[in-house]
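The values are calculated or read from the model by the stated rules, or taken from the named source; none is laboratory data. This structure is a prediction, so every number in the text was calculated from the model and none was measured. Virtual Cβ from ideal backbone geometry, glycine too; neighbours counted across all protein chains shown. Calculation scope for accessible area: heavy atoms of the full protein, side chains included, ligands and nucleic acids excluded. Shrake-Rupley method; radii C 1.70, N 1.55, O 1.52, S 1.80 Å.
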Amino acid sequence: MKPIRKAILPVAGLGTRVLPAAKTTPKNMLNVFDRPIVAHVVAEARAAGIEHMIFIIGRGQSAIEDYFDHNVELETQLEAKGRTAILDDVRADLARPGEMSFVRQMQPLGLGHAVWCARDLIGDEPFAVILPDMLMAAEPGALHQAVSAYGQVGGNIIVVEPVHHSETHRYGIVDLEPAEGRRARMKGMVEKPPQGTAPSNLIVSGRYILQPEIFDILGAHETGAGGEIQLTDAMVKLMATQDFHALEYEGVTYDCGDKIGLLRANIAFALSHPELGGAARDAIAGLLGPG
């Protein structure tokens with residue numbers, strides 16, 4: 001099996017659920033405690049062994065590219081003032097040589113189209129897809145868990161997580177054969193099934209490992225729900241000829257494309273910070289007051 005070296009990060013969304021915060025700031029540049037959402041996701045990708053990250057961006061999102069570049073004036077001032085700890089923290093997120101590419105998605109034609117835009121950079125090898133607004137707190141990281149599962153069974157891996165049965169009509173749901181631990185072979189996927197008809201309570205989450213043959217399917221530009229090119233539709237077609245496994249990862253997902261989800265992520269990441277977690281807990285307790 002070829003290793004998973006590359007990842008596609010579709011970041012071109014408008015962030016309508018977090019407006020007006022995302023009006024002038026790309027939603028993936030909104031902070032989760034001490035750094036932007038996208039920086040947390042890049043750290044997850046690096047920990048999973050990803051060597052090349054391909055960002056699919058839209059108009060007005062140059063701030064994402066700038067974040068991972070040097071800010072000479074800022075770094076010079078921090079160095080002159082002896083703020084070495086802060087300087088090291090800033091430089092830790094910088095792109096390594098050849099590590100990042102940025103591809104412009106000229107029209108918002110769906111997640112499948114965003115993935116297809118990276119086809120020439122991916123080439124003929126398996127790759128990961130990371131939905132950055134789905135921030136997944138886990139140790140090891142969600143993508144690392146997916147890569148480990150890929151190393152065991154190959155093929156295509158879809159990271160999933162459970163929801164209450166009353167919520168299944170809101171998500172894409174996987175249909176599975178009997179599980180082998182946290183991993184199970186997939187029989188199909190159903191997008192937002194009518195309440196009470198879902199084949200499981202496991203929803204498609206924000207991490208995938210896919211084989212390059214999916215680009216041939218996406219290249220047909222067939223539209224699905226919402227008149228967009230849907231990645232889910234392409235995966236269902238690929239499932240007819242290739243193995244797909246669902247992996248129920250161990251961790252917690254925060255939907256940072258939603259205002260309350262973003263709030264939850266900020267609180268959780270603040271509380272788990274190795275240096276500032278205690279101070280964060282005290283601050284939250286102070287706001288809540290007695291009882």
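Summary of computed values
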quantity	calculated
Answer residue from the stretch 9-26, given it is open to solvent by 30 Å² or more (accessible area, probe 1.4 Å) and in a helix (DSSP H, G or I) and is modelled with the highest pLDDT among those	Arg17
Scan of the stretch 160-170 for residues that are out of contact with any Phe, Trp or Tyr (no Cβ under 7 Å at 6 or more places or on another chain), surrounded by 20 or more Cβ atoms within 10 Å (Cβ to Cβ) and not polar (S, T, N, Q), ordered by number	Val160
Members of the stretch 99-115 that are part of a loop (DSSP other than H, G, I, E, B) and open to solvent by 70 Å² or more (accessible area, probe 1.4 Å)	Met106, Gln107, Pro108
Which listed residue, of Ala80, Ala95, is exposed (fewer than 12 other Cβ atoms within 10 Å of the Cβ) and among the hydrophobic types (A, V, I, L, M, F, W, C)	Ala80
Count of residues meeting criterion [assigned to a helix (DSSP H, G or I) and surrounded by 14 or more Cβ atoms within 10 Å (Cβ to Cβ)] in the stretch 44-64	6
Residue within the stretch 210-219 that is over 19 Å from the mean Cα position of the chain (by Cα), under 30 Å from Phe33 (Cα atoms), of a type outside the set (Val, Ile, Thr) and open to solvent by 70 Å² or more (accessible area, probe 1.4 Å) present	no
Selection count where residues are part of a helix (DSSP H, G or I) and over 26 Å from the mean Cα position of the chain (by Cα), scope the stretch 65-98	13
Any hit, the stretch 164-171, residues being of a type in the set (S, T, N, Q), touching a residue at least 40 places away in the same chain (Cβ under 8 Å) and within 22 Å of Gln230 (Cα to Cα)	no
Residues of the stretch 116-134 satisfying the condition of being under 13 Å from Gly206 (Cβ atoms) and either at pLDDT below 95 or assigned to a loop (DSSP other than H, G, I, E, B) (or both)	Leu131, Pro132, Asp133, Met134
Members of the stretch 226-254 that are closer than 15 Å to His40 by Cα and in contact with a Leu (Cβ under 8 Å, 6 or more places away or on another chain)	Thr253, Tyr254
Qualifying residue in the stretch 279-286 (condition: charged (D, E, K, R), without any contact (Cβ under 8 Å) to a residue 24 or more places away in the chain, assigned to a helix (DSSP H, G or I) and exposed (fewer than 13 other Cβ atoms within 10 Å of the Cβ))	yes
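Yes/no per residue for (1) more than 22 Å from Ala7 (Cβ to Cβ); (2) at pLDDT below 90; (3) open to solvent by 70 Å² or more (accessible area, probe 1.4 Å):
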{"site": "Leu176", "(1), (2), (3)": "yes, no, no"}
{"site": "Met189", "(1), (2), (3)": "no, yes, no"}
{"site": "Gly226", "(1), (2), (3)": "yes, yes, yes"}
{"site": "Ala240", "(1), (2), (3)": "yes, no, yes"}
{"site": "Leu247", "(1), (2), (3)": "no, no, no"}
{"site": "Asp255", "(1), (2), (3)": "no, no, no"}
